[in-house]
Amino acid sequence: MARTTIKDIAEASGVSQMTVSNVINDRKSKASAATIEKINQAIKNLNYRPNMSARSLASSASKMVGVVIPFTENQNQLLLDNPFYAEMISGIESALREQGYYMMLAGVGESNVALDVISHWNVDGLIVLGIYPEGLYDLLKTMKLPTLLIDSYIEDDHFYHLRVDDDAAAFEATNYLIAQGHKNIALVTGAIREDGVIKRRLAGYNRALKQANLVQNPDYIFEGSVGFAWGQKAADKLIAQNKITAAFCTADLIAAGLLAGLHKNGKQIPQDISVMGFDNISISQMVYPALTTMDQEIVGKGRIAANLMTSLLTKKQVEREVETKVKIIIRDSVSKFKMRRDDV
């Protein structure tokens, strides 16, 4: 079946093609209410769908937003293997769609090959998750597009930022464990890199320990990758430090792995070791016990990112730095400290 065209709509409405074009492209002041009603009825009857490529050529705006997920750790990853990204992308896509925009998604590894492809996308703006001041950062600048960075600490006026206060959030999480009476608190985390989110969360963790006059033991910091497998592996290392009674994980995915590893070693949670996560992704309620965590409302954060980008694209005033709030979600994986035989 041939695609319905503006010419078909014009013939069905008894008006010119220019009048139909004006109505379709929201230049309705150029047509009477009766004419607009006739055109809209013809559009409905003929099941007309606009040709987005033609519209973008005419307006020089594609209504497309590119979303880039860099693989920042040296491991093979599926694009949405991490539920954090899946939830963030869901928030971005839904908010863009509501405002008449479309999303193009790509993962970028160390070779930056995918960025060469992205540079040929006809996108109006870019949303990029968690990059560092390295090669990708320089390449993004050359694209000269409105660019919003999520969870990045690159200081450059070319970019807009959306993030939480990672230092303050980790400080609050560690303080919560301290308030439950825990003194030997581990940090289980992904790679700690300069100008990254994890470096800020490490700072908040250390600050809370220092304020409480607790020892900052480097042997209690377990650094690996943001993944379930690392959490499982970290369980063995954590148990070897037998004085640890609580662990703050910088991601729920790590915490889920840690819970599994501790269970495998015969540990009871939270009776033997309390475990706290960060993110409040969907699996935090599916693990056993349900995970106490820091909620940063990931889907909502994705929606905020999309709204910031569409505001940029419609020339509205947008703050360069936007912070979203976090809050503690108390579930079952943390309890008050009770003296164990090993602690005597």
Practice prompt. Would you mind stating whether residue 232 is surrounded by fewer than 23 Cβ atoms within 10 Å (Cβ to Cβ), polar (S, T, N, Q) and in a loop (DSSP other than H, G, I, E, B)?
Written response: no
Worksheet item: In segment 257-284, what residues are touching a Phe, Trp or Tyr at 6+ places or on another chain (Cβ under 6 Å) and free of Cβ contacts under 8 Å to residues at least 60 places away in the same chain?
Response: 257
Item to complete: Output yes when any residue across segment 179-186 is within 21 Å of the chain's Cα centre (by Cα) and crowded, with 19+ Cβ neighbours inside 10 Å, and no when none is.
Response: no
Discussion item. Condition first: touching a Pro at 6+ places or on another chain (Cβ under 9 Å) and surrounded by fewer than 22 Cβ atoms within 10 Å (Cβ to Cβ). Now tell me which residues in segment 235-265 satisfy that.
Written reply: none
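Only residues that are assigned to a loop (DSSP other than H, G, I, E, B) and within 30 Å of residue 128 (Cα to Cα): list them for segment 269-303, please.
Hits for segment 269-303 are 280, 281, 286, 287, 291, 296, 297.
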Worksheet item: If you scan segment 248-268, which residues turn out to be part of a loop (DSSP other than H, G, I, E, B) and of a type outside the set (A, V, I, L, M, F, W, C)?
Response: 250, 265, 266, 267, 268
Discussion item. Among the residues of segment 313-332, are any out of contact with any Phe, Trp or Tyr (no Cβ under 7 Å at 6 or more places or on another chain) and part of a helix (DSSP H, G or I)?
Written reply: yes
Worksheet item: Are there any pairs with C-beta distances below 6 angstrom linking a residue in segment 201-212 that is in a helix (DSSP H, G or I) and modelled with pLDDT of 95 or more to a residue that is of a type in the set (Phe, Trp, Tyr) and buried (at least 18 other Cβ atoms within 10 Å of the Cβ), with the two at least 6 apart or on different chains, and if so which?
Response: 204/171; 207/171; 208/171
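Residue-wise test of (1) out of contact with any Leu (no Cβ under 8 Å at 6 or more places or on another chain); (2) in contact (Cβ under 8 Å) with a residue 40 or more places away in the chain.
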site: 286; (1), (2): yes, no
site: 290; (1), (2): yes, yes
site: 293; (1), (2): yes, yes
site: 298; (1), (2): yes, yes
site: 308; (1), (2): no, yes
site: 313; (1), (2): yes, yes
site: 321; (1), (2): yes, yes
site: 328; (1), (2): yes, yes
site: 334; (1), (2): no, yes
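Yes/no matrix, rows are residues, columns are (1) within 19 Å of the chain's Cα centre (by Cα); (2) at pLDDT 90 or above; (3) over 30 Å from residue 294 (Cα atoms):
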{"position": "70", "(1), (2), (3)": "yes, no, no"}
{"position": "75", "(1), (2), (3)": "no, no, no"}
{"position": "85", "(1), (2), (3)": "yes, yes, no"}
{"position": "89", "(1), (2), (3)": "yes, yes, no"}
{"position": "101", "(1), (2), (3)": "yes, yes, yes"}
{"position": "117", "(1), (2), (3)": "no, no, yes"}
{"position": "122", "(1), (2), (3)": "no, no, yes"}
Worksheet entry | Candidate set from segment 213-228 (those that are out of contact with any Phe, Trp or Tyr (no Cβ under 7 Å at 6 or more places or on another chain) and part of a loop (DSSP other than H, G, I, E, B)); member that is nearest to residue 258 (Cα to Cα) | 227
Practice prompt. Check whether at least one residue in segment 241-255 is of a type in the set (A, V, I, L, M, F, W, C) and free of Cβ contacts under 8 Å to residues at least 60 places away in the same chain, and report yes or no.
Written response: no
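The values are calculated or read from the model by the stated rules, or taken from the named source; none is laboratory data. Owing to the predicted nature of the structure, the values given are computational and were not obtained by experimental measurement. Neighbour counts are summed over all protein chains in view; Cβ atoms, including those assigned to glycine, are modelled from backbone coordinates with ideal geometry.
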